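The values are calculated or read from the model by the stated rules, or taken from the named source; none is laboratory data. Owing to the predicted nature of the structure, the values given are computational and were not obtained by experimental measurement. Cβ placement follows ideal geometry from the backbone for every residue including glycine, while neighbour counts extend to all protein chains displayed.
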Amino acid sequence: MRETFRTYVRDEVQKFDSRALKAKREAIATQVTKRLKNYLNTTPFNIKQVVIGNINYPSIVAEAVEKKLAAHQLLAEKETQKAIAKKDAEIRIEEAKGIAEAQKIINATLTPNYLQHEAINAQLKMAESPNHTTVYIPVGTNGIPLVKGTK
């Protein structure tokens, strides 16, 4: 009886894909019940119902499934990292475009007089700094004087 039952279960289980077994437990149980009732028809045994509880896969199958799930998770993580890197690159490109645009605007409005004004302001700040006792300012064609002093 035991071997017959196992044979019927194996026969029905083989009809389904391993991923669908847990979802098809009812169908398997129904078919096994029918086959057992036919087998035991001439005996005093009466089968009411076969219930399939847990379906345990061999350890090699369980390990393969775990490895596959881990690989899928790693792949999803890499895809996320790729998307983040792509967005970071887009941000850097937009920042570079902004800097380039700002430089174009500055270069368009930059005049020699403005540059001279900025140079004089920078030299005044250095002259007023307590860290410098002597400030040498080159004399150029624009007539900026040489300032020498102590504090």
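Is it the case that Ala27 is outside the structural domain of Arg2 (by TED's automatic domain parsing) and in a helix (DSSP H, G or I)?
Details: outside the structural domain of Arg2 (by TED's automatic domain parsing): no; in a helix (DSSP H, G or I): yes.
In short, no.
Rundown of residues vs (1) in a helix (DSSP H, G or I); (2) at pLDDT below 85, yes/no style:
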{"site": "Thr4", "(1), (2)": "yes, yes"}
{"site": "Lys34", "(1), (2)": "yes, no"}
{"site": "Gly53", "(1), (2)": "no, yes"}
{"site": "Glu63", "(1), (2)": "yes, no"}
{"site": "Ala71", "(1), (2)": "yes, no"}
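Being more than 30 Å from Val65 (Cβ to Cβ) and not hydrophobic (A, V, I, L, M, F, W, C): is that true of Asn46 here? Reasoning before the result, please.
Values: more than 30 Å from Val65 (Cβ to Cβ): yes; not hydrophobic (A, V, I, L, M, F, W, C): yes.
It is true that Asn46 is more than 30 Å from Val65 (Cβ to Cβ) and not hydrophobic (A, V, I, L, M, F, W, C).
Quick one: in region 1-43, of everything that is of a type in the set (Phe, Trp, Tyr) and farther than 30 Å from Leu69 by Cβ, which residue is nearest to the chain's Cα centre (by Cα)?
Selected residue: Tyr8.
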